[in-house]
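Since the structure comes first, as structure tokens, the remarks are kept for the end.
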Amino acid sequence: MLGSIWSWAGQFRTTQKNIGVSPSIVAAELGVIAIEAETRHNESGDLVIATAAEFHHRAVWVHPFEDGNGRWARLLANIWLMQHGQPVTIWPATDLRNTESPIRGEYIAAMKQADMRNYGPLVDLHKKFSE
């Protein structure tokens, strides 16, 4: 089962991509997210899902790995939700990979809005796909 895992899996990327911060600051940017999580750990109610969406976006924006960044960012958001007693977001994985899927289009559009610090559409998607 684990024989087909890439040798670089779980290691920070060392090359520049068309998305993400410079490889030299990946660790620092993830540290910023960790510090932010620590300062916001007492949140409750609607703030929890809004913060999950924000962390989701910021983790994708950092883009720490060669591949799997979206999946990792969605997992990070779900861990935040679980830690705060909220239902997790069950993303329709097939639809997110299918470039023809309207759900993927909606997801990409929400991420682009989050690029402009408008997290509303991404929060709405988290709510739409919550348990």
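The values are calculated or read from the model by the stated rules, or taken from the named source; none is laboratory data. Predicted, not measured: the structure shown is a model, and the values here were computed from it. Positions of Cβ are generated from backbone atoms using ideal geometry, with glycine treated the same way; all protein chains shown enter the neighbour counts.
Report yes if Val48 is closer than 28 Å to Thr14 by Cβ and assigned to a helix (DSSP H, G or I), otherwise no. Considered against the rule, which asks whether it is closer than 28 Å to Thr14 by Cβ and assigned to a helix (DSSP H, G or I), Val48 comes out as no.
Listed conditions (1) closer than 15 Å to Leu30 by Cα; (2) of a type outside the set (A, V, I, L, M); (3) surrounded by fewer than 19 Cβ atoms within 10 Å (Cβ to Cβ); (4) at pLDDT 95 or above are all met by Gly70, apart from (4). In the stretch 1-18, which residue that is among the hydrophobic types (A, V, I, L, M, F, W, C) and loosely packed, with under 10 Cβ neighbours inside 10 Å is nearest to Trp61 (Cα to Cα)? Top of the filtered list is Ile5. Under the condition of being among the aliphatic types (A, V, I, L, M) and either in contact with a helix residue (DSSP H, G or I) (Cβ under 8 Å, 6 or more places away or on another chain) or not in a helix (DSSP H, G or I) (or both), the residues counted in the stretch 68-82 number 4. Residues in the stretch 1-31 that are of a type in the set (A, V, I, L, M) and in a helix (DSSP H, G or I): Leu2, Ile25, Val26, Ala27, Ala28, Leu30.
One residue stands out among those in the stretch 73-82 that are over 8 Å from the mean Cα position of the chain (by Cα) and under 12 Å from Ala37 (Cα atoms): the one that is surrounded by the fewest Cβ atoms within 10 Å (Cβ to Cβ), which is Ile79. Return the residue satisfying two criteria in turn: it lies in the stretch 51-67 and is in a helix (DSSP H, G or I) and not hydrophobic (A, V, I, L, M, F, W, C), and of such residues it is surrounded by the most Cβ atoms within 10 Å (Cβ to Cβ). Applying the filter and picking the extreme gives His56.
Residues of the stretch 97-111 that are assigned to a helix (DSSP H, G or I) and either surrounded by fewer than 14 Cβ atoms within 10 Å (Cβ to Cβ) or of a type in the set (Val, Ile, Thr) (or both): Arg97, Pro102, Ile103, Gly105, Ile108, Ala109.
Only one entry in Ala114, Ala34 is at pLDDT 95 or above, in a helix (DSSP H, G or I), surrounded by 13 or more Cβ atoms within 10 Å (Cβ to Cβ) and not β-branched (Val, Ile, Thr), namely Ala114. Figure legend. Inter-residue proximity from the stretch 91-105: first residues of a type in the set (S, T, N, Q), second residues surrounded by 13 or more Cβ atoms within 10 Å (Cβ to Cβ) and modelled with pLDDT under 75, beta-carbon distance below 7 Å, spacing 6+ or different chains. Indicated pairs: Ser101/Asp95. Inspect the stretch 83-96 for any residue being outside any loop (DSSP other than H, G, I, E, B), under 16 Å from the mean Cα position of the chain (by Cα), farther than 30 Å from Trp8 by Cα and among the β-branched types (Val, Ile, Thr) and give the result as yes or no. Within the stretch 83-96 (the criterion being outside any loop (DSSP other than H, G, I, E, B), under 16 Å from the mean Cα position of the chain (by Cα), farther than 30 Å from Trp8 by Cα and among the β-branched types (Val, Ile, Thr)), the answer is no, since none of the residues qualifies.
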